[in-house]
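Below is one structure, written out as structure tokens, with a few remarks after it.
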Amino acid sequence: MAIVKADAYGHGGIVITKTLSKLGIRRFGVATIQEGVALREAGIQEEIIILGGQFPEQLADLVHFQLTPVISNVDIVEHLVPLVKNLPRPYPVHIKVDTGMARLGLAPQSISSLLQSNDFAQSLVLQCIMTHLADADNENTENTHGQVRVFQQMVDQLKKKGLPLPLLSVANTAGILFHPTSHFDIVRPGLMLFGYPPAPRGDLAVELKPVMRLTTNIVQIRTVEPHQPLSYNGIFKTKRKSRIAVLPIGYANGYSRRLSNKGAVLVGKTRAPIVGRICMDMMLIDITDLPDVQQGDEAVLLGNQGDRMITALDLASWQDTVPYEVLCNLGPRINRVYVSKE
């Protein structure tokens, strides 16, 4: 099940989903019904699973667009059944069980009674039982092993009661990379589809190659004197006569303001530091030590330039966050160009 929520982690949900479909992927996970509808309206016919919670007033759209809900709240069954009970065949659903994340999910001991309830048995068909790993990127494996153990115990209890078992799904990206016992029937790669592990670790099971480059071009270069405050609030002052380049990208594009005075971009195959506050639409970099750089030259904010590289892990470390947030923040103002490797 390819996870393409949050606009495929900032990469463009429709294009990514269609590309993966051509590669044989037949299940796609999104967070919301709105995301699922957008994929349907783009012509995507494969199974689309709504991983997040649903509200009763949204279920008519869910059924109309043939989206598959992940049930994590028993109450939602009461609202879904009247919408599907007259359909020619039972409506497919997944169930999420909470094994330790303490977020969405049913208690493991409640699954059998739900499956045996009249409403469920007559109108719905269970395709998959899943859970979500809370700590699988941690080198301490205790919590993850505990979650897998709770999930397996629930499965064993369902077997003992003679209930037909559907497909089982536990592993997210970190589970796939670090915990083979979590793989079961369906794995759910998300971040790793786009070339990143969830955290920097040296024990990756596969080689990952980032998919995205984020680039812009220098719109202006100016020379400023020593002690000149730069950008809003003057949090950076030049210590020498400096060449400062202006880039036409800022936090409205999803390039975080938290990178002010911390991050760097690649210009002329060299890291040029960000100076001053990142603005809504612009940012400044210091190119004093790069005399050959000119207006119009490429600046790489994410990805490679020659043999130099800035990764989402770098950006995450500079602003004390995770690569998920770095990629998901990249908004619709950024033009996306897809390059075929065929």
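Readers should treat all values here as calculations from the given coordinates under stated rules, not as data from a laboratory. All values derive from a computational prediction rather than experimental measurement. Here the Cβ is made from the backbone with ideal geometry for all residues, glycine too, and neighbour counts use every protein chain on show.
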- Val267 is checked against (1) in contact with a Phe, Trp or Tyr (Cβ under 7 Å, 6 or more places away or on another chain); (2) farther than 20 Å from Leu208 by Cβ and fails just one. What number does that condition carry? (1)
- Quick one: Leu133 ticks every box in (1) in contact with a Gly (Cβ under 7 Å, 6 or more places away or on another chain); (2) surrounded by fewer than 19 Cβ atoms within 10 Å (Cβ to Cβ); (3) under 19 Å from Val4 (Cα atoms) except a single one, so which number is it? (2)
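Just checking, does region 71-92 include any residue being under 23 Å from the mean Cα position of the chain (by Cα) and either among the aliphatic types (A, V, I, L, M) or buried (at least 17 other Cβ atoms within 10 Å of the Cβ) (or both)?
Filtering region 71-92 down to residues under 23 Å from the mean Cα position of the chain (by Cα) leaves 71-72.
After this cut, where a residue has to be either among the aliphatic types (A, V, I, L, M) or buried (at least 17 other Cβ atoms within 10 Å of the Cβ) (or both) as well, the list is 71-72.
Yes, region 71-92 contains a residue that is under 23 Å from the mean Cα position of the chain (by Cα) and either among the aliphatic types (A, V, I, L, M) or buried (at least 17 other Cβ atoms within 10 Å of the Cβ) (or both).
Can you go through Phe65, Phe120 and tell me which one is crowded, with 20+ Cβ neighbours inside 10 Å and more than 21 Å from the chain's Cα centre (by Cα)? Before the answer, list the steps.
Numbers: Phe65 fails: crowded, with 20+ Cβ neighbours inside 10 Å.
Among Phe65, Phe120, only Phe120 is crowded, with 20+ Cβ neighbours inside 10 Å and more than 21 Å from the chain's Cα centre (by Cα).
A quick yes/no check of all residues on (1) under 23 Å from the mean Cα position of the chain (by Cα); (2) under 30 Å from Ser340 (Cβ atoms):
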| position | (1), (2) |
| --- | --- |
| Pro180 | yes, no |
| Arg188 | yes, yes |
| Tyr196 | yes, yes |
| Asp203 | yes, no |
| Leu214 | yes, yes |
| Leu230 | no, no |
- Considering region 10-23 alone, what residues qualify as being at positive phi and outside any helix (DSSP H, G or I)? Gly12
- Output the residues belonging to region 216-241 that are charged (D, E, K, R) and either touching an Asp or Glu at 6+ places or on another chain (Cβ under 7 Å) or in a loop (DSSP other than H, G, I, E, B) (or both). Glu225, Lys239, Arg240, Lys241
- Note on the structure: The residue that is surrounded by the most Cβ atoms within 10 Å (Cβ to Cβ), considering only those in region 158-174 that are small (Gly, Ala, Ser) and assigned to a loop (DSSP other than H, G, I, E, B), is Ala171
- Message: Give all pairs with beta carbons closer than 9 Å in which a residue from region 29-56 that is over 10 Å from Leu67 (Cα atoms) and free of Cβ contacts under 8 Å to residues at least 24 places away in the same chain meets a residue that is buried (at least 18 other Cβ atoms within 10 Å of the Cβ) and β-branched (Val, Ile, Thr); count only pairs at least 6 apart in sequence or on separate chains.
- Response: Gln54/Ile33; Gln54/Val70; Gln54/Ile71; Gln54/Ile76; Phe55/Ile33; Phe55/Ile76; Pro56/Ile76
- Query: Ala121: of a type in the set (A, V, I, L, M) and at positive phi, yes or no?
  - Reply: no
- Task: Filter region 191-230 down to residues that are of a type in the set (Lys, Arg), over 15 Å from Met309 (Cβ atoms) and either surrounded by 18 or more Cβ atoms within 10 Å (Cβ to Cβ) or without any contact (Cβ under 8 Å) to a residue 60 or more places away in the chain (or both), then give me how many there are.
- Result: 1
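Using the structure shown, decide if Ile249 is in contact with a Lys or Arg (Cβ under 8 Å, 6 or more places away or on another chain) and crowded, with 17+ Cβ neighbours inside 10 Å.
Details: in contact with a Lys or Arg (Cβ under 8 Å, 6 or more places away or on another chain): no; crowded, with 17+ Cβ neighbours inside 10 Å: yes.
Criteria not met by Ile249.
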